[in-house]
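A.B. asks: Supplied in structure tokens, the structure appears directly below.
The values are calculated or read from the model by the stated rules, or taken from the named source; none is laboratory data. All values derive from a computational prediction rather than experimental measurement. Using ideal geometry, Cβ is built from the backbone for each residue, glycine included, and neighbour counts are taken over all protein chains shown. Ligands, DNA and RNA are excluded from the accessible area calculation, which covers all protein heavy atoms including side chains. Shrake-Rupley method; radii C 1.70, N 1.55, O 1.52, S 1.80 Å.
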Amino acid sequence: MSFTVRWLVSATALALLSSGCGNGAKGSTADMAVGSSDDMDNAESDLGGTDTDGATGSGDMSMDMKQAHPPLSFATPTTLMTTEAIPRKVWTGDFDANGKIDLLVQDGSIIASSTGGDVDALAGVGDGSFAYQAGHAFTVAKGGYANVFDVNNDGKTDGVYYYTTTNPISHMTSYFFGFATSNGDGTFTGGSFSPAPTSFGKGLYVGDLNNDHAVEVFTVKTDNSSNPLGFSLFMNDGANTMTRTDFVSPTYPVPTSDLIIRDLNGDGKADVFYAAQNQAVLVTGDGTGTLSGTPTTFSTGIGNNLSVAVADLNADGKPDLIVGQTSAHVAVILSQATGGFLAPNDVTGVGDANFVDVGDFDGDGLPDLVTCDGDNLHFLVNLGNGFAAPTTIAQTCGSIAVADFNGDHLADVATVAPAPSAAVLINSTH
């Protein structure tokens, strides 16, 4: 199995990486095009690329950065016991503000007899291990949605959630739309957004659209039969009062992945990026909390789109867009130095990319990719001028969270695993 990838990398980035100045941080990029080949040596060929306006990306700017990279290796996965009946989601954070990466694991149980529903907070020790303690959690009732964000801007990771409960006697439904601020010791104090919506949709995604340090909430909008229609934005006035705006199909394609909220076009204003059926979608923000104009869409063409990530893949200081797909594909959408993005290009051989994330797994300062197909983790090392053939590790997996858990400047991986646990893979690459 092999890959053909052409990176267009800035001279400044080349000089920094060649001098060993890579910092090992997660994320880093330039203009790139991707394709497939029967010979890894063909990774030096000029594939160029087509931008969203139809212009052809030039290969003349490219520089040969192909270097020897150590093979990736990971220690035997560590199973972390939690209270979660069916672990659904894992995030990294720092809920005790001690500078060590912590994990938060959400239960996905919707079984009526289950006691699940919490988001467990596992304190990072700093050596790659995590401490579980009963009661270190915040509550999200069965079938609810959660995410993490520093809600009160105190440097500690908090929770955001939405769920409903039904009184078995009166059959009245109560709606809970709120947050859980970390007390710094593994416990959380609840609070509420107002008004609590009587319909919410699916999923919960968070960000700050207007740089006021207050959390905005997004969800996939659905009809009364749970059919997706688009997405909804709950805009925070800074005092946790929310105003809802719906963005519906066909103008705004229906999301099939998580939503990422961050500045993606370099104007300092948060945008929204997600995957939809056969396309990726970028909705620009105007910095006031308004999503402006018609979204930019990129035809991905192959397979169903399931997951998204953002990283500066070619060290040009601009974020590039990544879409995980079925049929063993990942679509890469590179930013251009002149603005905008190139058309998507394809990387194959990674299983169904139900989840995709990024991190520097080989310590060279460039972000690499990891995907999960349910039964395996597939790692794609970024060579600077393309990706190496994948390293595959058999590991039951779902949601992925990537960070340096033990301070060795190599990215590690946490993923949900068979109940009731999460699994951690510590990078042992030398």
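A.B. asks: Taking the Cα centre as origin and putting +1 on Lys and Arg beta-carbons and -1 on Asp and Glu beta-carbons, what dipole magnitude results for region 119-188, to the nearest 20 debye?
C.D. replies: Computed charge dipole of region 119-188: roughly 300 debye.
A.B. asks: State the extension gain, in nm to one decimal, for the chain segment bounded by LYS202 and HIS409, taking 0.36 nm per residue of separation less the distance between their alpha-carbons.
C.D. replies: Additional length available on full extension: 70.9 nm.
A.B. asks: Let me ask you something else. Highest mean first, how do 88-101, 188-201 rank when packing is the count of other Cβ atoms within 10 Å averaged over residues?
C.D. replies: Highest mean packing first, the order is 88-101, 188-201.
A.B. asks: With a Förster radius of 45 Å, plug the Cβ-Cβ distance of ASP246 and HIS430 into 1/(1 + (r/R0)^6) and report the FRET value to the nearest 0.05.
C.D. replies: 0.30
A.B. asks: If a/c stays under 1.5 just call it rounded; otherwise compare a/b with b/c (prolate if a/b is bigger, oblate if not). Do that for region 156-244, with a ≥ b ≥ c from the square roots of the Cα gyration tensor eigenvalues.
C.D. replies: It is oblate, given that a/c is not under 1.5 and a/b is not larger than b/c.
A.B. asks: Please compute the modelled spin-label separation between SER73 and THR396, points set 7 Å along Cα→Cβ, answer in nm with one decimal.
C.D. replies: If labels sit at THR396 and SER73, their model points lie 2.7 nm apart.
A.B. asks: Enter the per residue convex hull volume of region 292-339, computed from alpha-carbon coordinates, in Å³ rounded to the nearest integer.
C.D. replies: For region 292-339, the hull spanned by Cα atoms encloses 101 Å³ per residue.
A.B. asks: Rounded to the nearest whole Å², what accessible area per residue is found for region 303-381 with the 1.4 Å probe?
C.D. replies: 22
A.B. asks: Same structure again: How high is the relative contact order of region 225-357, given as a whole-number percent (alpha carbon pairs under 8 Å, six or more residues apart)?
C.D. replies: 16
A.B. asks: Let me ask something else about it. Using the per-residue mean of other Cβ atoms lying within 10 Å as a proxy for protection, in what order, highest first, do the peptides 243-255, 405-417 fall?
C.D. replies: Top of the packing list down: 405-417, 243-255.
A.B. asks: Now for a separate question. At ILE169 and THR288, where each label point lies 7 Å from the Cα along Cα→Cβ, what is the point-to-point distance in nanometres?
C.D. replies: About 5.1 nm, to one decimal.
A.B. asks: Based on alpha-carbon centroids, what's the gap between region 273-318 and region 205-222 in Å, whole number please?
C.D. replies: 16
A.B. asks: Express the relative contact order of region 298-378 as a whole percentage, based on alpha carbon pairs under 8 Å and six or more residues apart in sequence.
C.D. replies: 26
A.B. asks: Now, a different point. Solvent-accessible area per residue for region 143-261 at a 1.4 Å probe radius, Å²?
C.D. replies: Solvent-accessible surface per residue comes out at 44 Å².
A.B. asks: Here is a further query. Towards the positive end of the charge dipole of region 85-201, with charges on Cβ (+1 Lys, Arg; -1 Asp, Glu), say which of VAL125, HIS136, TYR161 has the farthest Cα.
C.D. replies: Final value for the positive-end residue is TYR161.
A.B. asks: Give a residue-ordered list of calculated ³J(HN,Hα) values for region 196-208 (Karplus: 6.51 cos²θ - 1.76 cosθ + 1.60, θ = phi - 60°; whole Hz; x for Gly, Pro).
C.D. replies: The phi angles translate into 6, x, 8, 9, 9, x, 10, x, 8, 10, 10, x, 10 Hz.
A.B. asks: What is the extension gain from ASP127 to THR326, computed as 0.36 nm multiplied by their sequence separation minus the C-alpha to C-alpha distance, in nm to one decimal?
C.D. replies: So the extension gain works out to 68.1 nm.
A.B. asks: Checking a compactness column here: for region 288-381, what do you get for Rg(Cα) / (2.2 N^0.38 Å), N being the number of residues?
C.D. replies: In units of the globular-protein estimate, region 288-381 measures up at 1.13.
A.B. asks: Show me the ranking of peptides 358-368, 342-352 by mean Cβ neighbours inside 10 Å, starting with the highest.
C.D. replies: Highest mean packing first, the order is 358-368, 342-352.
A.B. asks: Another question about this same structure. Taking all protein chains as present, what is the carbon and sulfur share of the accessible area of region 173-281, in % to the nearest whole number, probe 1.4 Å?
C.D. replies: Summing carbon and sulfur atoms, their accessible area is 45 percent of the total for region 173-281.
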